[in-house]
Amino acid sequence: MLFMDFSRCCERLEGTSGRLDMIDIIAAELPGLTGEELPVFVRFIMGRIFADWSSRKLGIGPNLLYEAAGAVAGISKEKVIEKINSTGDVGQAVEELLSVKSQMTFFHEELDLVHVYTSLIEIAEMEGKKSQREKLLAVRRLLGNAHPLEGRYLARILLEELRIGVGEGSVREAVAKAFGVDSALVEHAQQALNDMGEVARLAKVGPDALRDVQITPFHPVRMMLAQQGSIADMIAEHGEIAAEFKYDGSRFQFHKKGNWARLYSRRLEDVTGALPDVIRQLLDATDHDVILDGEVIAIKDGKPMPFQSVLRRFRRRHDVAEAQEAIAMVPNVFDILWLDGETLIDLPLSERRRRLEAVVTQYVAPQVTSGDPAIITQTYEDALAAGHEGIMIKVPASPYSPGQRGKNWIKIKPEVDTLDLAVIGAEWGEGKRAHVFGSFLVACQDAGRLVPLSRVATGFSDEQLAEVYELLKETVLKTSGKEVTFEPSLVFEVGYAELQASSNYEGGFALRFPRFIRLRDDKDISDIETIGSIRERYKRQANSAQAYQH
Amino acid sequence: MLKATIDADIFKEAIDAISALIPECRLHTDDDGISTRAVDTANVAMIGLSLKKEAFDSYKASKSQLGIDISKMKNIFGMAGKGDLISLEMADNAQKMSVSVHGYNYSITLLDTNTIRKDPNPPTINLPGKIVIKGEDLNNALKAAAVISDKIALGINPKDQTFYLVAEGDTDHIRRDFSKDELVSLTPAEARSLFSLDYLKDMGKVMSKAAEVEIFLGIDHPVRFSFDIAGGNGHVEYLLAPRIEAD
């Protein structure tokens, strides 16, 4: 497939708003692709380059892209940035630059989809002190051969922000439709493989290939997530339920085969190097080959430390030994996904728990199973008394559903209303905060689009503002007066008193008394609150308000 | 097979001419000498270079191709002093080349020639205007323009019999007219094309060492620079695609 054909497909999708129409467009392309093209097409169309389980990074920042685009168009990087500021979109800016590019070339090579992908692998593998220069040349070659429309999508893929509104759900349906397989089967294979590209390739082979997939050690799968709910509802619905402490730490996935072990974060980044102590503890806890799910907490003087101290260790690349001394990291293992070559995610929790207890001798998080609300409530009180966040309650008969925020796992914690929101803009601060950003525009998501929801200006310490400034300054897309727009990359947890209907923000809601709680650098932009869940909260809030009035 | 010795300065001159455009190249060797032809990553500039066997102190080679990491070679010359000889030696189909200079013996791993872009065919173009100018004069004019702008127009005014360079910056402007007296020769024909100084700056540095540079120009056409290296025993041609602005 030529990259031009891929680009035309993206353009059609971008101009289509109906989800079913989008699925049809994608499904129509898939059968014609070769086994080599299929995974690339599927990942690219979702704006991804590498498999979701892979921690491989392209390592191309906006500045490198601007410089390459400038070189190809025959203008300075500053002019490229001006263009991006005026269009507000990198893809569109590159497209316009290429359409009026003044620099003639001697040859033109048509870009091929697979060739673009192999070039991106080469770029990702460039290392060392000359790698930025080599990456620049490689990007120049790609852009130099790109037609304007190709430039639009190539630029966005290079920055891993395609944003044509194609979500994993649509691709799943399209794969099912194109190859005549059940979409539940596609979903299941995706949960185990965590690479929709490979799933599409298997779907082309046939339903048996999808059915036979196994989890691969060192290909992390997504974490199963929890909803909010109540103890009473869970017991009413399921009878006996399993309760575990909800630890205020960082989620991890531990993979071990023989003596080789890796640890992955909630975002599936390899954090092995930052937590050698946790690796050692877990290696000592089992002789089996396993994939475990758990939460690592920081303990100082016998007490759990706040979440921030765990995160600091997750981020740490240097002086790990020194940090190890100060705070003890303790893993709490609560699930097992794979054991000695066997994928366990389809087994009921009770059976997984039995196997977990059989093969892991230490660090297994205690679990209480009961149908008695008083016992579960007591567990909740115990959790809070011990300094934990609350409890998780789980349906004993439920499978492990990677990436799903379903009704099988429920979190119970004291009512604090917070939302995880993406930082999309800011205003420069004033007075002593004049050199950092002072007020932030935060957004939720709606089908892959970011929708502004509120401004947050309080709750920050000066250190936090400085830290946030450092993290954001490289991502500025556009500046006008005091206002800046960011390439979305950071997630804030924002507390609020009340959700209000409002026409001030595009989402139709505003937050009353918004305040910054903490930086969620364990979360991705794709993890932020959806407009749908905010509508739900608003409805719940309205219901409980009525309850008080009556 | 290659077994040759060459004055370090002469070889450096040749490698510098290549490195102005590309970081790696495919070198052809045969009875008569070595040559390369390459286009830069962005397909904007081309180089053709040949070094005759007369440029070497001793030279023996069979027909072959070598993948050379030009940046690495440049670093090796850092070891050479004035008047040093460099000796190059490579067996048939070898993956490595021995390079000896100033008592240092390197064994350099060659690049796989399959990974280097295939030799470009130079386009056939008719460039009616021709200027012969001192390399140093040309380089000085390019350097002066680079202060003002990132692009420069090269042209011939047939009426005044001048070769001119004009650069337009955001706020500033520079123009240099070379009268016929200041040039070695001029073949007048209406010509004017715009080029990126990004490329010309690097080429200019190399050309500054040439006694004479032939410049071939047309209207909105590529420019060709042609000049000798290695005391006349080598030759370089640069071809640079123009910038064409819509306005």
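A short reminder: the numbers here are calculations on the coordinates, not readings from a lab. None of these values were measured; they are calculated from a predicted model. As a convention, Cβ positions derive from the backbone with ideal geometry for all residues, glycine included, and neighbour counts pool all protein chains shown.
Contact order, relative form, for segment A:223-274: 22 percent (alpha carbon pairs under 8 Å, 6 or more residues apart, mean separation divided by residue count). In a Debye calculation with equal point scatterers on the alpha-carbon sites of the protein assembly as shown and no solvent, what is log10 I(q)/I(0) at q = 0.05, 0.06, 0.07, 0.11 Å⁻¹? For the protein assembly as shown, the Cα-only Debye profile gives -0.37, -0.52, -0.68, -1.28.
Relative contact order for segment B:2-114: what is it in percent, counting Cα pairs under 8 Å that are at least 6 residues apart?
Worked out over segment B:2-114, it gives 32 percent.
Take every DSSP beta bridge whose two residues both sit in chain A; close to 95 percent of them are antiparallel. Taking Cβ atoms as reference points and 9 Å as the exclusive limit, the residues near B:PHE216 contribute a net charge of +1, counting Lys and Arg as +1 and Asp and Glu as -1. Ordered by the number of other Cβ atoms lying within 10 Å of each residue's own Cβ, fewest first, A:LEU337, A:LEU421 fall into the sequence A:LEU337, A:LEU421. If you plug the beta carbon distance of A:ALA209 and A:GLU342 into 1/(1 + (r/R0)^6) with R0 = 25 Å, you get a FRET efficiency near 0.85.
Taking the alpha-carbon distance from B:LYS53 and a cut-off under 14 Å, which aspartates and glutamates remain once sequence neighbours fewer than 8 residues away in the same chain are dropped? List returned: B:ASP7, B:ASP30, B:ASP31, B:ASP32. For the pair segment B:88-105 / segment B:7-42, the C-alpha centres are spaced 17 Å from each other.
Which shape class applies to segment B:129-240: rounded if a/c is under 1.5, otherwise prolate when a/b exceeds b/c and oblate if not, where a ≥ b ≥ c are the square roots of the Cα gyration tensor eigenvalues? Oblate. When A:ILE299, A:ILE49 are arranged by Cβ crowding within 10 Å, least crowded first, meaning fewest neighbours, the order is A:ILE299, A:ILE49.
About its Cα centre, the protein assembly as shown has a charge dipole of approximately 520 debye under the convention of +1 per Lys or Arg Cβ and -1 per Asp or Glu Cβ, with nothing else charged. For B:PHE195, the amide hydrogen comes within under 5 Å of the amide hydrogens of B:ILE152, B:ALA153, B:LEU154, B:ARG243, counting only partners 5 or more places away or on other chains and with H modelled in the peptide plane. In this structure, the pairs whose alpha-carbon distance is over 24 Å, taken from A:LYS407/A:LYS523; A:LYS101/B:LYS134; A:LYS101/B:LYS180, are A:LYS101/B:LYS134; A:LYS101/B:LYS180. Under 5 Å between amide hydrogens, built in the peptide plane, is the criterion, and for B:GLU212 it picks out B:GLY135, B:ASP228 among residues at least 5 positions away or on other chains. Legend: ranking of residues A:LYS246, A:LYS204 from fewest to most surrounding C-beta atoms inside 10 Å; resulting order A:LYS204, A:LYS246. When only C-alpha pairs under 8 Å and at least 6 residues apart count, what is the relative contact order of chain A, in percent? Taking the mean separation of contacting Cα pairs over the length of chain A, I get 12 percent. Taking 28 Å as the limit for the C-alpha separation, the pairs A:LYS57/B:LYS118; A:LYS79/B:LYS143; A:LYS57/B:LYS201; B:LYS3/B:LYS118; A:LYS57/A:LYS300; A:LYS482/B:LYS151 exceed it in the case of A:LYS57/B:LYS118; A:LYS57/B:LYS201; A:LYS57/A:LYS300; A:LYS482/B:LYS151. With a 10 Å cut-off around each Cβ of B:145-151, the average count of Cβ atoms from other chains is 1. What angle do you read, to the nearest 10 degrees and between 0 and 90, between the alpha-carbon axis of helix A:349-359 and the longest principal axis of chain A? Taking the Cα atoms of chain A, the angle to A:349-359 is about 80 degrees.
Summary of the geometry: segment A:107-125 and segment A:419-483, compared by the centres of their Cα atoms, lie 35 Å apart. Starting from the Cα gyration tensor of segment B:2-114, take the square roots of the eigenvalues, sort them a ≥ b ≥ c, and report rounded, prolate or oblate (rounded when a/c is under 1.5, otherwise prolate if a/b is larger than b/c, else oblate). It is rounded, given that a/c, with a ≥ b ≥ c, falls under 1.5. Of the residues A:MET305, A:THR216, A:PRO276, the one whose Cα sits farthest towards the positive end of the charge dipole of chain A is A:MET305 (charges of +1 on Lys and Arg Cβ, -1 on Asp and Glu Cβ, taken about the Cα centre). Local charge for A:LEU441 was computed over the other residues whose Cβ lies under 13 Å away, with Lys and Arg +1 and Asp and Glu -1, and equals 0.
On the beta carbon distance between B:ASP112 and B:GLU190, with R0 = 51 Å, the FRET formula returns roughly 0.65. The distance linking segment A:207-230 with segment B:212-247 is 61 Å (Cα centroid to Cα centroid, whole angstrom).
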